[in-house]
Amino acid sequence: MPVVKKATLLIKNIGQLITMAGPVPRIGNNMTELGLIEKGGIAVAGDEILAVGESEKVEGHAPLAEGCTVIDANGMVVTPGFIDPHTHPVFSMTREKEFEMRIQGKSYMEIAQSGGGIRASVRDLRTTPVEVLMEKTKSRLDRFLEHGITTIEAKSGYGLSTESEMKQLKIIDDLNQLHPIEMVPTFLGAHEVPDEYRDCRDEYISLLINEMIPAVTGEGLAEFSDIFCEEGVYDIEESRRIQQAAADAGLKLKFHADELKSTGGAELAASKKARSADHLVNISEAGSKALAHSGTAAVLLPGTTFSLGGKQYAPARKMIESGVVVALSTDCNPGSSYTESLSVVISLAALQMKMTAAEAISAVTVNAAYAVGREERIGQLRENYQADITMWNMSDYRELPYHYGVNLTGRVIKKGKPVVER
Ligand code: NIG
Ligand code: FE
């Protein structure tokens, strides 16, 4: 006898059920396809989705397990749990002083080159006890979850020594066991050149290649390797060498590319078949074409441009028209973008990059799942996918960019379990 799965959770009366079922990743016009079901319902068995469809059909079809939780959505909007594909969440010291310096006219790079920026965060992280870092990171994870985000990519990059990079990655690993948020770990040892190697940067690059990457992969602490490929940080040739070593060690690749200047970072990411190239405010025409061709996702971070006081945003419309896979992220970090709200990012994407609500939702669900290599399990509400679900206090999904600066999350379900109720 086949075992009939019974529903442990049933959500009925959903006003707009945004399933995102359809092509993955979403490119071009397909980004507006939400797989929307009106008067929808979802049945969940354990941590997986059992059935999705019209509420009455789902209710009639799925046998309920004893003690099944039934939620009446009462006309709410429901989406897959949002996915944030680019964050730097492990830090203690915040950098509001730098924020104020920028308001008064200093640039991000000027502050970095005078010893502030990432290097200031590194000095702080190295001396901060693990328990303090755990506590502060955990409160950030709580905030992500409260904003309807159920998975984040999480980078190291504030250690810049074997020991301190491992310290950050182990915190990510430990919190992954303790917290409902799922984290995709990324090694970012090439986030900057640390103070002690400023006069001998080649030695730091050797350390990255010969000691840090093997240590990280040896303990299985990262899935991706990322690099800050930017004028004044790591140039194209250095980035190519470091990322080749990471790929040879089995890591998938991401690049911080073409953020402040156009240096050919997108082209390099494409040539290395990276999963994503991120920032891309100054991407070239050729870079855009290269990403479309290689299927490398463009993770756009309008919150960073906003928080750096920039005027020019990444050319999202051009990329969408060129067939690039576009995703959106907070870039949550203490320097250039301190927020755990993808909703704010979606408002900025709408107003500053002219992305519609539907495109932005594609960018934080299916395309974000693709950018972190999890598209076969999350980012859509469909049978056998992981039951990561966000219920929104709104009756039309277009309210998301429009009603800005407030948290419209209602309930959040991670792996079939209610984890937030607001
Ligand atoms: O993505 N660009 C490099 N890294 C971060 C900033 C990190 C920091 O300033 O602490 C970013 O913007
Ligand atoms: Fe970043």
Residue ID - nearest to ligand 2 (Cβ to nearest atom), chosen from residues in segment 82-128 that are among the aromatic types (Phe, Trp, Tyr) and open to solvent by 20 Å² or more (accessible area, probe 1.4 Å): Tyr108
Is one or more of the residues making up segment 309-325 within 15 Å of ligand 2 (Cβ to nearest atom), under 15 Å from the mean Cα position of the chain (by Cα) and among the aliphatic types (A, V, I, L, M)? no
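For segment 129-154, which positions are outside any helix (DSSP H, G or I) and open to solvent by less than 10 Å² (accessible area, probe 1.4 Å)?
Step one: of segment 129-154, the residues outside any helix (DSSP H, G or I) are 129, 147-154.
Within segment 129-154, Gly148, Ile149, Thr150, Thr151, Ile152, Glu153, Ala154 meet the criteria.
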In segment 267-285, is there at least one residue being modelled with pLDDT of 95 or more, within 16 Å of ligand 2 (Cβ to nearest atom) and farther than 17 Å from Glu230 by Cβ? yes
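The values are calculated or read from the model by the stated rules, or taken from the named source; none is laboratory data. As the structure is a prediction and not an experimental result, all values here were calculated from the model. All Cβ positions, even for glycine, are placed from backbone atoms using ideal geometry, and neighbour counts span all protein chains on display. To get the accessible areas, we keep the full protein, side chains included, count just its heavy atoms, and leave off ligands, DNA and RNA. Shrake-Rupley method; radii C 1.70, N 1.55, O 1.52, S 1.80 Å.
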